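Sharing a structure, written as structure tokens. Questions coming.
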Amino acid sequence: MPVFVHSTVIGVTANSAQIPYSFNDEVDMAAHNNNDRAAWLQGPSAQCSTPPETAQTPWRLVLLGAPGVGKGTQAELLNHRLGACHLSTGDVFRAAKSRDECLLSPAMKTALEHMRRGDLVPDSTVWDMVHERSGCLQCGGGFILDGFPRTLSQAESLKQLIEDEGLLLTAVVNYELPVSAIVARLGGRRTCKSCKAVFHATERPPKVAGTCDHCSAELFQREDDRPESIKIRLEAYDHSTAPLIAFYRNLGLLLSVAATGSPEDICGRTITALAEWRVRNSVPVLAGTRAKKRN
Ligand code: AMP
């Protein structure tokens with residue numbers, strides 16, 4: 001099996017003197033920002049109970065990385081630090097899964113079968129779902145896309161949509177981790193049935209085994225975290241998603257971060273790298289036109 005380690009980890013030895021004062025302000029101001037993501041999870045007819053505050057320069061990020069590198073955990077931590085909303089396509093499918101089957105469209109039923117196997121959901125279904133929720137991409141609080149795009153076709157469609165909406169992608173953060181660590185992380189992952197908080201049997205165990213620290217609900221192992229599904233998911237990543245690294249590198253948007261250490265370490269490393277990134281790319285440019293500006 002291939003090893004998903006890429007050599008160009010951008011230096012994260014940030015000199016705090018180079019980070020503009022307003023960046024630290026922005027991070028602190030957003031420190032308690034969290035919403036229920038209703039418009040994303042349930043679709044455009046739902047409204048978020050506490051929409052994110054409009055940011056002066058919203059963060060519009062895509063998180064890349066193999067399944068199990070911790071994109072979901074990082075998206076949550078980054079949401080708290082940056083205020084931008086965590087938009088996960090996997091979460092939309094899981095929310096649909098918990099609904100009455102009679103209410104699901106045929107396309108969604110097929111999507112959930114793919115998901116159970118660990119396979120990618122067809123591009124057309126994913127795109128319809130994201131397109132329907134494009135209002136979330138326009139949110140003044142910004143966004144952190146987690147699990148989307150996952151194929152070149154999805155990435156092309158997203159690029160077009162972002163350009164059509166006159167928006168700018170800030171950066172695409174690519175989390176890097178050796179495959180052996182990825183398999184260990186996925187196999188030990190446990191998710192709360194109620195609040196969806198994520199734990200790990202050994203790396204981040206709950207205080208009481210099998211019980212969520214936050215809401216005391218039961219923890220479970222996701223169907224697609226079982227060994228047979230993990231293999232299919234890693235193959236799907238290697239075949240369909242890994243090419244996005246070159247796609248975004250060519251657009252000058254790729255920012256690679258090592259996904260080793262604790263979630264807080266990784267988040268700190270990401271924030272530092274993003275701060276440096278904003279300093280280096282201080283003049284915003286349209287997605288797709290930044291290649292010549294990269295260091
Ligand atoms: P995740 O929580 O991001 O690991 O997603 C869980 C599962 O949902 C994946 O294994 C896929 O079956 C499906 N899925 C989520 N996002 C996408 C996407 N962008 N393209 C195709 N399938 C997806």
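Between Thr54 and Thr202, what length in nm is gained on full extension when 0.36 nm per residue of separation is reduced by their alpha carbon distance?
That pair, Thr54 and Thr202, stretches by 49.4 nm at full extension.
Suppose the chain between Glu235 and Asp36 were pulled fully straight at 0.36 nm per residue; how much longer would it get relative to their current alpha carbon spacing?
Stretched out fully, the Glu235 to Asp36 stretch lengthens by 68.4 nm.
Gain in length, Arg226 to His80, computed as 0.36 nm per residue apart minus the alpha-carbon separation, to one decimal in nm?
Value of the extension gain: 49.6 nm.
Moving on to the next point. Which of the trypsin sites (Lys or Arg not before Pro) found in segment 81-159 are in a DSSP loop and have at most 15 neighbouring Cβ atoms, other than their own, within 10 Å?
Arg99
Take the Cα coordinates of segment 224-287, assign each an equal point scatterer, and use the Debye formula without solvent to give log10 I(q)/I(0) at q = 0.23 Å⁻¹.
The computed values of log10 I(q)/I(0) come out as -1.04.
Taking the Cβ of Tyr237 as the centre, find all other residues whose Cβ is under 13 Å away and add up their charges (Lys, Arg: +1; Asp, Glu: -1).
-1
With the crude spin-label approximation of a point 7 Å out along Cα→Cβ, what separation in nm comes out for Gln47 versus Thr260?
My value for the distance between the label points is 4.9 nm.
Next up: Report the paramagnetic label zone for Ser105: residues of segment 122-150 whose backbone N is under 17 Å from a point 7 Å from Cα along the Cα-to-Cβ axis.
Within reach of a label on Ser105: 122-136.
Using R₀ = 30 Å, calculate the FRET efficiency as 1/(1 + (r/R₀)^6) where r is the Cβ-Cβ separation of Glu132 and Thr211; round to 0.05.
The formula returns an efficiency of 0.25 here.
Computed from the coordinates by the stated procedures, all read-outs in this text should not be read as laboratory data. Just so it is clear, the structure is predicted and the values come from calculations on it, not from any experiment. Quick reminder, even Gly has a Cβ in these numbers, built from the backbone with ideal geometry, and neighbours come from all protein chains shown.
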